[in-house]
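Chemist: Structure in structure tokens, see below.
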Amino acid sequence: MTQAEIKLCSLLLQEHFGEIVEKIGVHLIRTGSQPLRVIAHDTGTSLDQVKKALCVLIQHNLVTYQVHKRGVVEYEAQCNRVLRMLRYPRYIYTAKTLYSDTGELIVEELLLNGKMTMSAVVKKVADRLTETMEDGKTMDYAEVSNTFVRLVDTHFVQRCPLVPATENSDTGPPPPAPTLVVSEKDMYLVPKLSLIGKGKRRRSSDEDATGEPKAKRPKQTTDNKEPIPDDGIYWQANLDRFHQHFRDQAIVSAVANRMDQTSSEIVRTMLRMSEVTTPSGAPFTQPLSSNEIFRSLPVGYNISKQVLDQYLTLLADDPLEFVGKSGDSGGGMYVINLHKALGSLATATLESVVQERFGSRCARIFRLVLQKKHLEQKQVEDFAMIPAKEAKDMLYKMLSENFISLQEIPKTPDHAPSRTFYLYTVNILSAARMLLHRCYKSVANLIERRQFETKENKRLLEKSQRVEAIIASMQATGAEEAQLQEIEEMITAPERQQLETLKRNVNKLDACEIQVDETIFLLESYIESTMKR
Amino acid sequence: MASRGGGRGCGRGQLTFNVEAVGIGKGDALPPPTLQPSPLFPPLEFRPVPLPSGEEGEYVLALKQELRGAMRQLPYFIRPAVPKRDVERYSDKYQMSGPIDNAIDWNPDWRRLPRELKIRVRKLQKERTTIILPKRPPKTTEDKEETIQKLETLEKKEEEVTSEEDEEKEEEEEKEEEEEEEYDEEEHEEETDYIMSYFDNGEDFGGDSDDNMDEAIY
């Protein structure tokens, strides 16, 4: 864990779960796995608070525990999982695009609560949907659970590891911690539930005025005492599957930009066909014959088999090698080279960062070195057709920022500079790592800046919130227009202006965070796929 | 790194490599040594490109901000207990009890957690949400209405001239009002829900409440 990552984790934990959880979480990230009492002692926090924080962290899958010999339970933070919190909005949005509002709310609830039982999710989502509907209409549980099942079928939602049922509980003392078991075959198995009912509306409408609905844990509405049918079976969002979807989308849009809409549609079809059959970390998709692809093309996409074959040959000939030909049987077998595709996307990201940071001439040198692999300084100057002095300047600048690396090849064993070749090269993996590190730093800076901005204007924000609440309650009671206006005037013009500036700044910072996270995703996927090889 | 060997003052001939190779000509002076750290915010050489806009971006942005708000309202957001203040106040009874350290506000599935983590679970109050209602001191309004009423009655009574009766009447009225107030409080005490939102010890309101909004609350 680098300092930048720890810093970002700390900010994320603090923003989502408060100071105490942040303290415990960061301590665990820094020190690795630790038992309960040591954590309490080292952080100087009371034991009860540590327990609470660990409960929250485990509930949200951010910390795992393990029983060691002599019955000591050690807790370990999942740093990478903490960083994923940055991507929550994107997961929710993806669920919306794929499974509309119901899917959106299901994933949102799962992310907000870490893990939930299916019945709890369905109830909660149905209630929330009912509230947004017109009076008199309600959302059926059956409909929500249908969407839930679809999300599970497409692996976007998966089961959490189970606590095995203990029959022989009377033999010896119970273990200090349960051992969670992952059962591969049940991972995406939805228990048979008969969820009948409709979403309920909350009685008072006042709460709606405050904006976001209070996510109360549905389990605590203990008005129905009947046993929960799916007790103990918890579900969580399968982030890897979401990442796979993001990756596929990135590849499709890259193909669309490089060639055309039709070819991107073909690639999309290929990716969709191998979605569930290919494991998320595989470097290639399963080979698909052109006949299969032809049959699976979306209806209404009118291209003949011949055109498809031409497109496939074209795609396979493309120097980027997104699509590869793996055999000739069945009218030609094609695969998508996921590893190469991620590599190309990461390289393109690097190129564009160089272009935006150092200008187009530096980008020229960068691409040149990328293309030729190893170049001497003199060669760079010549090939780039940039005056020697400037070219050197640019080259050194990129070298000092670690985008370009230098390889020494001595002619004699004494490494004398005059008898050594100095070759400039781009090590994509290390450059990507460096950039990723910078991205973490930028996000941390963005969050810190946003928090600063909000803190600076805290008083003003509170005032505007209060005024808004008053206006809302007045509107509910049916006040006159003039009265409303009078209240609105409680915020003076300069204050209003200040509020607007703040809002614009915060929005910009938030949008930046989302944007940087997209780059983080690309670089991480590339690094991960390269490390697996 | 043999190239570092040549000190600044040693002259060019001392360097172990050909300086011209790194772009310093025969007559050029070596760049001066840097004696201070580079500026904290160096001027931007290239302006960043604007953020991509679009419906998707805006929706994700809204989702992000909403999620942040929602997270703070969940029981997973642990706040430290408020330290005991100097004196015990009568009003403390009616305030929402703040977070406490030795109990958890949500109900984890203990079967999934190590036994040592088990901690007392605090019952969630149902009226958790009501405190968000706009608070304001109700006294001012009553005072105002009272005074208006008083003034009005006084006005009337001035015309009637008989002063002694007036005082008596006034007193009576005041008593009546006081009784009413007391009665109200008793009644409401049972419905804790109302009291929670109703009561305000005036701490979070600056007392500069505008009289304009009197009608809105009731």
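Chemist: Please work out which residue is farthest from the other protein chains (Cβ to nearest Cβ), limiting yourself to the range A:491-500 and to residues that are touching a residue at least 24 places away in the same chain (Cβ under 8 Å) and assigned to a helix (DSSP H, G or I). So that I can check it myself, show each step before the final result.
Modeler: In the first step, residues of the range A:491-500 are kept if they are touching a residue at least 24 places away in the same chain (Cβ under 8 Å); the result is A:491, A:495, A:498-499.
Now restrict to residues that are assigned to a helix (DSSP H, G or I): A:495, A:498-499.
On the way: A:GLU495: 15, A:GLN498: 19, A:LEU499: 15 Å.
Ranking the candidates gives A:GLN498 first.
Chemist: Determine if the range A:139-148 includes at least one residue that is facing chain B (nearest Cβ under 10 Å), modelled with pLDDT of 90 or more and not in a loop (DSSP other than H, G, I, E, B). Before you say what the answer is, go through the steps one by one.
Modeler: We begin by selecting, within the range A:139-148, every residue facing chain B (nearest Cβ under 10 Å); these are none.
The answer is no; no qualifying residue exists.
Chemist: To continue, here is another question. Residues A:GLU513, A:GLU488, A:GLU480: which one is within 13 Å of chain B (Cβ to nearest Cβ) and under 25 Å from A:PHE246 (Cβ atoms)? Walk me through it before giving the result.
Modeler: Details: A:GLU488 fails: under 25 Å from A:PHE246 (Cβ atoms); A:GLU480 fails: under 25 Å from A:PHE246 (Cβ atoms).
Going through A:GLU513, A:GLU488, A:GLU480 in turn, the sole match is A:GLU513.
Chemist: Looking at the structure I just gave you, is A:LYS463 surrounded by 17 or more Cβ atoms within 10 Å (Cβ to Cβ), assigned to a helix (DSSP H, G or I) and either within 11 Å of chain B (Cβ to nearest Cβ) or modelled with pLDDT of 90 or more (or both)?
Modeler: Criteria not met by A:LYS463.
Chemist: Can you find, within the range A:45-81, the residue that is nearest to the chain's Cα centre (by Cα) among those that are surrounded by fewer than 20 Cβ atoms within 10 Å (Cβ to Cβ) and of a type in the set (Lys, Arg)?
Modeler: It comes out as A:ARG81.
Chemist: Being more than 23 Å from A:GLU518 (Cβ to Cβ) and basic (Lys, Arg) is the filter here, so list the residues in the range A:315-348 that pass it.
Modeler: A:LYS325, the sole residue that qualifies.
Chemist: Here is a list of conditions, (1) over 28 Å from A:LEU320 (Cβ atoms); (2) within 14 Å of chain B (Cβ to nearest Cβ); (3) without any contact (Cβ under 8 Å) to a residue 24 or more places away in the chain, and A:LYS397 meets all of them except one; can you say which number that is?
Modeler: (3)
Chemist: Follow-up. Mind checking which residues of the range A:475-490 are outside any helix (DSSP H, G or I), without any contact (Cβ under 8 Å) to a residue 12 or more places away in the chain and surrounded by 14 or more Cβ atoms within 10 Å (Cβ to Cβ)?
Modeler: Looking only at the range A:475-490, we keep the residues that are outside any helix (DSSP H, G or I), and these are A:478-480, A:489-490.
Still in the list and also without any contact (Cβ under 8 Å) to a residue 12 or more places away in the chain: A:478-480, A:489.
Passing the criteria: only A:ALA479.
Chemist: Related question: Going through the range A:354-389 one residue at a time, which ones are of a type in the set (A, V, I, L, M), within 13 Å of chain B (Cβ to nearest Cβ) and buried (at least 17 other Cβ atoms within 10 Å of the Cβ)?
Modeler: Here is the first cut: in the range A:354-389, the ones of a type in the set (A, V, I, L, M) are A:354, A:363, A:365, A:368-370, A:375, A:380, A:384-386, A:388.
Cutting the leftovers down to within 13 Å of chain B (Cβ to nearest Cβ) gives us A:354, A:363, A:380, A:386, A:388.
Correct list: A:VAL354, A:ALA363, A:VAL380, A:ILE386.
For (1) surrounded by fewer than 12 Cβ atoms within 10 Å (Cβ to Cβ); (2) modelled with pLDDT under 70; (3) more than 11 Å from chain A (Cβ to nearest Cβ), each residue gets a yes or a no:
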| residue | (1), (2), (3) |
| --- | --- |
| B:PHE17 | no, yes, no |
| B:ALA29 | yes, no, yes |
| B:PRO37 | yes, no, yes |
| B:PRO42 | yes, no, yes |
| B:ARG47 | yes, no, no |
| B:ILE104 | no, no, no |
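Chemist: State whether one or more residues within the range A:410-423 are touching a residue at least 60 places away in the same chain (Cβ under 8 Å), surrounded by 15 or more Cβ atoms within 10 Å (Cβ to Cβ) and either under 19 Å from A:LEU522 (Cβ atoms) or not assigned by the TED database to the domain that holds A:THR501 (or both). Before you say what the answer is, go through the steps one by one.
Modeler: First, pick out the residues of the range A:410-423 that are touching a residue at least 60 places away in the same chain (Cβ under 8 Å): none.
No - not one qualifying residue is present in the range A:410-423.
Chemist: Now for a different question. Only one of A:SER442, A:SER418 is small (Gly, Ala, Ser) and either in contact with a Gly (Cβ under 9 Å, 6 or more places away or on another chain) or closer than 30 Å to A:ALA511 by Cα (or both); which? Don't jump to the end; show me each part of the working.
Modeler: Numbers: A:SER418 fails: either in contact with a Gly (Cβ under 9 Å, 6 or more places away or on another chain) or closer than 30 Å to A:ALA511 by Cα (or both).
So the residue among A:SER442, A:SER418 that is small (Gly, Ala, Ser) and either in contact with a Gly (Cβ under 9 Å, 6 or more places away or on another chain) or closer than 30 Å to A:ALA511 by Cα (or both) is A:SER442.
Chemist: A further question follows. Can you tell me which residue among A:THR130, A:THR94 is part of a helix (DSSP H, G or I), among the polar types (S, T, N, Q), closer than 23 Å to B:ALA70 by Cα and within 14 Å of chain B (Cβ to nearest Cβ)?
Modeler: On the way: A:THR130 fails: within 14 Å of chain B (Cβ to nearest Cβ).
Being part of a helix (DSSP H, G or I), among the polar types (S, T, N, Q), closer than 23 Å to B:ALA70 by Cα and within 14 Å of chain B (Cβ to nearest Cβ) holds for just one of A:THR130, A:THR94, which is A:THR94.
Chemist: Test A:MET398 against the criterion of being under 40 Å from the mean Cα position of the chain (by Cα) and surrounded by 17 or more Cβ atoms within 10 Å (Cβ to Cβ), and give yes or no.
Modeler: Numbers: under 40 Å from the mean Cα position of the chain (by Cα): yes; surrounded by 17 or more Cβ atoms within 10 Å (Cβ to Cβ): yes.
Judged against the criteria, A:MET398 is a match.
Chemist: If you don't mind, there's one more thing I want to ask. For the structure I just gave you, tell me whether A:VAL121 is under 23 Å from the mean Cα position of the chain (by Cα), of a type outside the set (S, T, N, Q) and more than 14 Å from chain B (Cβ to nearest Cβ).
Modeler: yes
Chemist: Across the range A:365-387, what is the total count of residues that are outside any helix (DSSP H, G or I) and either in contact with a Ser or Thr (Cβ under 8 Å, 6 or more places away or on another chain) or closer than 15 Å to A:ILE409 by Cβ (or both)? Can you show your working first?
Modeler: Initial filter on the range A:365-387 (outside any helix (DSSP H, G or I)): A:373-376, A:385-387.
With either in contact with a Ser or Thr (Cβ under 8 Å, 6 or more places away or on another chain) or closer than 15 Å to A:ILE409 by Cβ (or both) added as a condition, the list becomes A:373-376.
Residues in the range A:365-387 being outside any helix (DSSP H, G or I) and either in contact with a Ser or Thr (Cβ under 8 Å, 6 or more places away or on another chain) or closer than 15 Å to A:ILE409 by Cβ (or both): 4 in total.
Chemist: To continue, here is another question. What are the pairs, 6+ residues apart or on separate chains, where a residue within the range B:36-52 that is over 16 Å from A:VAL354 (Cβ atoms) has its Cβ under 8 Å from a residue that is assigned to a loop (DSSP other than H, G, I, E, B) and of a type in the set (Phe, Trp, Tyr)?
Modeler: Short answer, once both residue conditions are applied: none.
The values are calculated or read from the model by the stated rules, or taken from the named source; none is laboratory data. Bear in mind that the values here come from a model prediction, so they are computed numbers and not experimental data. When we count neighbours, we look across all protein chains shown, and the Cβ atoms used for this are built from the backbone with ideal geometry, even at glycine.
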